[in-house]
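The values are calculated or read from the model by the stated rules, or taken from the named source; none is laboratory data. Keep in mind the model is a prediction, meaning the values are calculated, not measured. Every residue, glycine among them, receives a Cβ derived from its backbone with ideal geometry; neighbour counts consider all protein chains shown. Please note that ligands, DNA and RNA were not included when accessible areas were found on the heavy atoms of the full protein model with its side chains. Shrake-Rupley method; radii C 1.70, N 1.55, O 1.52, S 1.80 Å.
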Amino acid sequence: MTNRNIVFNPISLRAYNFKNRVVMSSPSRMRAVDSVPSPMMQTYYAQRASAGLIISEPTLVSPSTSEYSTCPGIYNYEQVVAWRKVTKAVRDRGGKIFLQLWYREGISPLDLEQKYYTSVNTSNKPIDLLEVVSKMRKGAQNALAADFDGVEINTAFGCVLDSLQPLQTYQNPEAQKSERNRRVELISDIVDSVGCVWDYERVGVRMCPSNIFSGNKNSDPEPPFYYVIDLLNVYNLAYVHLLEPPKNKCFLTIKYEKVSDLFRPIYKGKLIVEADEDPERGIATVVSKKADLISFGRTFVANPDLPKRLERKAPLNPLDIKKIYGGGEKGYVDYPFLEE
């Protein structure tokens, strides 16, 4: 067995045994109807059940604006029933799926014409952090009712933590320390609230320490994230999920090319690292033990049988970027499998 093959072997993550170390981490696809998962979402997720773990697209834990009506939610009974059909479809194919809990605050929708994220704060009202904790707990309860295998707490890309002012804006060192402690406490409160519903070993946390999307301009990820990630060591979480900065840095100023190099020595549990832009680099990250699993978003969108393609070093389907957000079955459930 070559070292590369370790990626395609089973791995245990606390409560579960996964059939491989390839994780599907889906970007928003906007195929829900009035925030209720649509029937074709059952097909979409079931097609990708060969992943060791599927992490759902960001799923709203509370009602949002009409602009997000095509994003799925997990805050009412109708949504729970619809998600239950998705989880059954995945389980019937031998897969496992976590729901990604998403509290959206203070950002605009995706700009579908220019194909990059906008960061217009549409609301100047203070963020009620107690509401964030409460909504995340309720979302976790509904995810349990929808028969998910676990949940992932999203702290990246437009959720409440990204909407807070970056620490560098606090000039006074004591103010920086106070604000840093407040964020650590917020993460702790959210994890505790979700852990009251799920065993911690069925909970993951997603982070993008180099992200500056939607106002979080932490070009240096060390000060806040060292403390947050070290805090997570006290929980027996399923995993921490880190997103590396993209190669296209048109909206990003970063200090480190690979944040996993920074945080692997700190976090003692299982680590998932996003490898969307360079699958072989992601595989090398696992082989070198800088991560335990690798996740793919858009690459998995275009390749429903991605683990098989990676294992065989087979060509990958190109992504139809024009059909990634919203629309119907084209660019969603019609990507060919390797056999086809």
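The phi-based Karplus calculation (6.51 cos²θ - 1.76 cosθ + 1.60; θ = phi - 60°) puts the 3J(HN,Hα) values of segment 87-94 at 5, 5, 4, 5, 5, 5, 8, x Hz, whole numbers, x for Gly and Pro. Considering only PRO37, TYR16, SER64, and ranking their Cα positions along the charge dipole of segment 1-73 that arises from unit charges at the beta-carbon of Lys, Arg, Asp and Glu, the one farthest toward the positive end is TYR16. Between amide H atoms placed 1.01 Å from N, distances below 5 Å from GLU152 occur with LEU99, GLN100, LEU101, GLY204, all of them 5 or more places distant or on a separate chain.
For segment 281-339, the residue among THR285, PRO315, PRO336 whose Cα projects farthest onto the positive side of the dipole built from Cβ charges is THR285. Across the cross-link table entries LYS96/LYS290; LYS85/LYS330; LYS19/LYS268; LYS88/LYS258; LYS96/LYS308; LYS88/LYS330, which are compared at the Cα atoms, the separations over 27 Å belong to LYS88/LYS258. Sorting VAL81, VAL259 by solvent-accessible area of protein heavy atoms yields VAL81, VAL259, largest first, with a 1.4 Å probe.
So how far apart, in nm, are the two label points at LYS313 and LEU338 if each is 7 Å from Cα heading toward Cβ? Here the modelled spin labels are 1.3 nm apart. Amide H contacts of ILE54 (H built 1.01 Å from N, in plane; Pro and chain starts excluded): MET24, LYS96, ILE97, PHE98 sit under 5 Å, all sequence-distant by 5 or more or on other chains. Measuring with a 1.4 angstrom probe and ignoring ligands and nucleic acids, LEU129 comes out at about 40 Å² accessible. Computed with every protein chain present, the accessible area of ARG4 is close to 40 Å² [probe 1.4 Å].
What's the FRET efficiency of GLU277 with ASN236 using the Cβ-Cβ distance as r and R₀ = 22 Å, to the nearest 0.05?
0.10
For VAL33 and ASP320, a Förster radius of 22 Å and the Cβ-Cβ distance give a FRET efficiency of 0.55, rounded to the nearest 0.05. Proximity of backbone amide H atoms, modeled 1.01 Å from N, is registered between LYS270 and VAL240 at under 5 Å, excluding neighbours fewer than 5 places apart on the same chain.
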